[in-house]
1. Got a sec? Charge dipole of the chain, +1 on Cβ for Lys and Arg, -1 for Asp and Glu; which of LEU30, LEU152, HIS13 is way out at the positive end?
2. I need the P(r) histogram for segment 164-249: all alpha carbon pairs, bin width 10 Å from 0 out to the longest distance, whole percents.
3. Lys and Arg at +1, Asp and Glu at -1: add these up for the other residues within a Cβ distance under 9 Å of ILE120 and post the number.
4. Roughly how many debye, to the nearest 20, is the charge dipole of the chain about its Cα centre, given +1 on each Lys and Arg Cβ, -1 on each Asp and Glu Cβ, and no other charges?
5. Determine which lysines satisfy two conditions relative to LYS116: a Cα distance under 28 Å, and not lying fewer than 8 residues away in the same chain.
6. DSSP loop (so not H, G, I, E, B), at most 12 other Cβ within 10 Å: list which GluC sites (Glu not before Pro) in segment 143-222 pass both filters.
7. With a 10 Å Cβ neighbour count serving as the proxy for reagent exposure, in which order, fewest first, do THR239, THR178 appear?
8. Hey, could you pull the Cα Rg and Dmax for the chain, both in Å?
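No lab work stands behind these numbers, since they all come straight from the coordinates. Remember, predicted model here, so these are calculated numbers, not experimental data. As a convention, Cβ positions derive from the backbone with ideal geometry for all residues, glycine included, and neighbour counts pool all protein chains shown.
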Amino acid sequence: MKKNNVYFVADFHFGSPDKASSREREKKVLAWLDSIEDSAREIYLLGDIFDFWFEYKDLIPKGQTRFLGKLAQMADRGCRIHFFCGNHDMWQRDYLEEELGFVLHKTKEIIEIDGKRFMIGHGDGLDTKDKKYKLINSLFKSRICTGLFATLHPRLAFALGRFWSRKSRESHSAKDLTDLKQEEPIYKYCMSAHKKLEIDYFIFGHRHLACDMHIGDHARYINVGEWLNQSCFALWNGTCLELQRFEYR
């Protein structure tokens with residue numbers, strides 16, 4: 001079978017809210033990867049794949065071995081795996097690139113696929129009114145912050161990181177599931193960007209609410225949602241883009 005399809009998915013939040021439920025979610029994601037393996041030309045992982053991630057020079061958080069192994073196997077067989085950093089897994093070094101063959105993206109990007117222009121990213125930081133988030137995010141991404149965090153013993157650092165991630169997720173859980181329609185911050189960003197840039201498709205995650213909305217006459221904004229409840233993904237087959245849900249049995 002010729003590999004023609006490109007897949008977009010986000011917000012697995014592996015590691016939350018506990019090991020047991022995360023392991024079950026990993027099984028579901030593995031079943032999805034098995035189902036697309038023969039058709040996948042590229043996979044775009046749009047951030048918050050891990051609920052917490054921090055790489056020391058020679059150490060990474062344990063867990064999700066089967067998931068990472070499956071993607072490494074797919075990469076070895078010719079599937080191009082893109083990883084966009086989210087707000088929960090922003091602290092990447094080079095492990096995913098050097099060991100697994102991923103293409104790492106630290107910010108949103110405009111990428112041409114089959115003659116169409118896609119703006120792709122996690123989706124955090126696009127709300128221009130959320131000054132507090134932008135300040136905290138820039139602080140966490142700073143070299144000083146990451147350098148200081150790396151001086152902590154991994155047991156303490158990972159415990160703190162998972163605590164912050166849980167608190168962040170809990171503080172936004174209700175808001176994330178509220179359909180804001182045209183007042184959706186990412187949608188408003190897409191509308192503004194579309195006036196300046198020639199974009200056919202805007203694809204993001206972060207919001208935990210899958211949606212497919214028109215931008216102007218021809219463009220579309222698709223949010224691929226999350227996998228704690230929805231299990232949605234977007235599929236580009238070379239001519240059209242569809243938002244789909246994976247049914248796991």
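1. After comparing all options, I get LEU152.
2. The percentages, shortest bin first, are 16, 44, 31, 9, 0.
3. Spelling it out: positives minus negatives among the neighbours equals 0.
4. Details: 39 positive and 36 negative charges, 129 e Å.
Around 620 debye, computed over the chain.
5. Once the sequence-local lysines are set aside, what remains near LYS116 is LYS2, LYS3, LYS106, LYS108, LYS181, LYS188, LYS195, LYS196.
6. Here the GluC sites (Glu not before Pro) that fit, given the DSSP loop and packing criteria, are GLU198.
7. Working: THR239 9, THR178 12.
Ranked by crowding around the Cβ, least crowded first: THR239, THR178.
8. So, for the chain, Rg and Dmax equal 17.5, 53 Å respectively.
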